[in-house]
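Everything below concerns the one structure shown next.
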Amino acid sequence: MKRRVYIIIGVVLYAAFSSYQFYKADYSDQGIMEHVIHREGYSLSLQQQNIPIELWIQPEWIAFGKDERKEPNVILLEQHGTKIILSDVWNRGNDIYFSFTTSYDLGYKGGQFLANFLANDNGTFTSGTGEIVLTDKSGQRIPTGQYGEGPNSDFSFGVNPKDQALIGEGIKVQYSGFYFYHYQKL
């Protein structure tokens with residue numbers, strides 16, 4: 001009798017795990033995005049290039065202390081099925097580094113999203129050509145230090161120590177590197 005119960009539990013766990021893997025591969029936002037960008041069962045069309053976005057970073061989210069790290073994980077923008085999240089702010093001593101992640105709310109049958117890469121028809125990708133412009137509360141431009149993109153549509157930038165006094169009251173981020181896409185299930 002005990003053996004039969006263990007077999008039933010094993011079968012149920014295997015079925016649950018298999019169902020989850022199927023869901024993850026085809027119906028999760030990550031699975032849908034993979035199918036869409038590789039055009040596996042979906043059409044993908046570029047609607048607009050160099051979509052400008054504006055983000056405001058509050059001073060309490062900034063790591064001003066040396067070696068200080070903050071993980072605000074705050075959504076700064078929701079647009080076209082895309083969320084841009086300030087995920088990490090790290091004072092590395094040589095700069096304060098701001099990292100942003102993107103997450104998606106993708107529909108199985110179709111929808112839209114922003115990405116900072118150009119999806120070419122042959123299945124390859126080209127990095128975006130956008131520019132990051134930083135300004136303080138009064139509109140004074142702040143030089144951008146190190147800059148990075150990826151994975152996915154994540155991006156990051158640094159502010160050098162000599163410019164950190166300019167971000168004491170927060171920082172406005174203008175970024176023009178996103179592409180606006182529409183996709184449809186075939």
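Here, each number is a calculation from the coordinates, and none is a lab measurement. Please read these numbers as outputs of a predicted model, since none were measured by experiment. Reconstructed Cβ throughout: ideal geometry from the backbone, glycine too, with neighbour counts over all protein chains shown.
The table below lists the values:
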item	result
Members of segment 138-186 that are out of contact with any Gly (no Cβ under 6 Å at 6 or more places or on another chain) and charged (D, E, K, R)	Arg141, Glu149, Asp154, Lys162, Asp163, Glu169, Lys172
Residue satisfying condition, being exposed (fewer than 12 other Cβ atoms within 10 Å of the Cβ) and not in a strand (DSSP E or B), within set Gly139, Gly130, Gly107, Gly145	Gly139
Failed item, numbered, when Lys185 is tested on (1) touching a residue at least 24 places away in the same chain (Cβ under 8 Å); (2) of a type in the set (Lys, Arg); (3) in contact with a Leu (Cβ under 8 Å, 6 or more places away or on another chain)	(3)
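Residues checked against (1) touching a helix residue (DSSP H, G or I) at 6+ places or on another chain (Cβ under 8 Å); (2) charged (D, E, K, R):
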| residue | (1), (2) |
| --- | --- |
| Pro52 | no, no |
| Trp61 | no, no |
| Gly65 | no, no |
| Tyr104 | yes, no |
| Phe113 | yes, no |
| Asp121 | no, yes |
| Gly128 | no, no |
| Thr135 | no, no |
| Gly139 | no, no |
